[in-house]
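The values are calculated or read from the model by the stated rules, or taken from the named source; none is laboratory data. Because the structure is predicted, anything quoted here is derived from the model rather than measured. Here the Cβ positions follow ideal geometry from the backbone for every residue, glycine too, while neighbour counts run over all protein chains shown. Surface accessibility is based on the protein's heavy atoms, side chains included, excluding ligands, DNA and RNA. Shrake-Rupley method; radii C 1.70, N 1.55, O 1.52, S 1.80 Å.
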Amino acid sequence: MLPAHRIFWGLILLAAAGAGLLYNIIFAAGASPLAGFTYGLCMGATVLAFDRGLILAGLQARIRRLPAWLYVLAAELAYVLMIMAGNALGGLVVWAFALTPDDLTTATRMTARVLAYALAVSGLLVFVIRMRDLIGGEVFVNFMIGRYHKPVAEERVFLFLDVVGSTAFAETHGDLRAQEYLSAVFATLAEPVRRNGGSVDDYIGDLAMVTWPIARGLKDARCVTCVFEVLDRIEADAEAWTARFGTVPRLRAALHGGSVVTAEVGVDRHKIAYFGDAVNVTSRIEALCRPLGVGILISQDLLNRLPRLPAGVRARSLGAHALRGRGAPLSVATLERGPAETAPVADLSPRRAAVAR
């Protein structure tokens, strides 16, 4: 299994601390290496906490709303202030533990050289974080280690989440407002997906594609739990959605799993892509939601592989359906709130419906 996101943040902090240690070696010969490590760790932690919205989240939100030219200046100033705060915190720690012969005022003072060095290091680390945010945590790590530089055959669980009514929203409110709406919906997916060990690997128009390695997605039915956590989160914020956009998002979800070939593709622009019937089948299942009048569908194949369903969720078989581009009909079930099942529901209905369009 690839490193969890907590390990990534730990490595970022370790890199910041290592940069502080390197500063002492280069510019402060004779100073305690532990002092440099402490300064770097404190400055890195402060910048990271601000960048992730753990502190001064309101200030960061206001900065993002500024015009582009003013945003750059304000963001740079904010990072300078965070570095100064981290330096003061680091100075307090090294002074308190007698890691420096300097007095408290000297230990917490920010020099121009320290500021320039810290800004360079922070800029590099924030760039790495932004790249990770842009392409997804798991995809980023896979790129770094070259896991899919050569095609790899593997099994994965796929979850397609489609935002219902996005086209009508765009026609009513305009494309810019619709993009803001979709961005807010996709942002809502992030935490439930992360908490359940998944990865948002792509956005296709108004649809998000979430994947798991098969073992991780099946464990504790995480792929199913993820769907209901997303829906619960939207429902819990229904008033906020209505106040901001005049509507509460509705999603259609399709779950399927199977063998794919995963590979890094592209020349000028690289991405990790999935090739195989499992991806196409998941798309066809999502298209079945509308004619069947349900919001969530899961293939019977995947359902049979789940050790159990999450508490309070049950499966209801909807029979076998012919899918466009696939010879054999596929049995599907809908997932809904209800008494917990101790095992997946068997496919008892052999009926077939029309080809999914």
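A few notes on this one:
- Residue in region 57-66 that is open to solvent by 70 Å² or more (accessible area, probe 1.4 Å) and either touching a helix residue (DSSP H, G or I) at 6+ places or on another chain (Cβ under 8 Å) or under 17 Å from Ala16 (Cβ atoms) (or both) present: yes
- Of Leu292, Leu302, all but one fail to be closer than 30 Å to Ala170 by Cα, touching a residue at least 12 places away in the same chain (Cβ under 8 Å) and open to solvent by less than 60 Å² (accessible area, probe 1.4 Å); the exception is Leu292.
- Enumeration of residues in region 26-56 that are in contact with a helix residue (DSSP H, G or I) (Cβ under 8 Å, 6 or more places away or on another chain), assigned to a loop (DSSP other than H, G, I, E, B), closer than 22 Å to Phe97 by Cα and without any contact (Cβ under 8 Å) to a residue 24 or more places away in the chain: Ala28
- Lone unmet requirement of (1) among the polar types (S, T, N, Q); (2) open to solvent by 60 Å² or more (accessible area, probe 1.4 Å); (3) under 26 Å from Pro307 (Cα atoms) for Thr242: (3)
- For region 187-230, filtered to residues that are open to solvent by 10 Å² or more (accessible area, probe 1.4 Å), within 16 Å of Glu286 (Cβ to Cβ) and within 14 Å of the chain's Cα centre (by Cα), the residue that is modelled with the highest pLDDT is Met209.
- Annotation: Ala328 fulfils all but one of (1) surrounded by fewer than 16 Cβ atoms within 10 Å (Cβ to Cβ); (2) at pLDDT 90 or above; (3) small (Gly, Ala, Ser); the unmet one is (2).
- In region 95-117, the residues that are closer than 13 Å to Met43 by Cα form Cβ pairs under 6 Å with partners that are open to solvent by less than 60 Å² (accessible area, probe 1.4 Å) and modelled with pLDDT of 90 or more, at six or more places apart or across chains, as follows: Thr108/Ala88; Thr108/Gly91; Met110/Asn87; Tyr117/Tyr23.
- Within region 134-166, being part of a helix (DSSP H, G or I) and either among the aliphatic types (A, V, I, L, M) or at pLDDT 90 or above (or both) holds for Leu134, Ile135, Val139, Val141, Met144, Ile145, Ser166.
- Selected residue (criterion: farthest from Gly327 (Cα to Cα)) from residues of region 262-306 that are at pLDDT below 90 and of a type in the set (Val, Ile, Thr): Val267
- Among all positions in region 3-17, there is at least one residue which is in a loop (DSSP other than H, G, I, E, B), among the hydrophobic types (A, V, I, L, M, F, W, C) and more than 21 Å from Leu115 (Cα to Cα).
- Against the conditions (1) open to solvent by less than 50 Å² (accessible area, probe 1.4 Å); (2) under 19 Å from Leu161 (Cβ atoms); (3) of a type in the set (A, V, I, L, M), Ala263 satisfies every one except (2).
- Single residue of region 331-357 satisfying the filter (polar (S, T, N, Q) and modelled with pLDDT of 70 or more) that is farthest from Leu159 (Cα to Cα): Ser331
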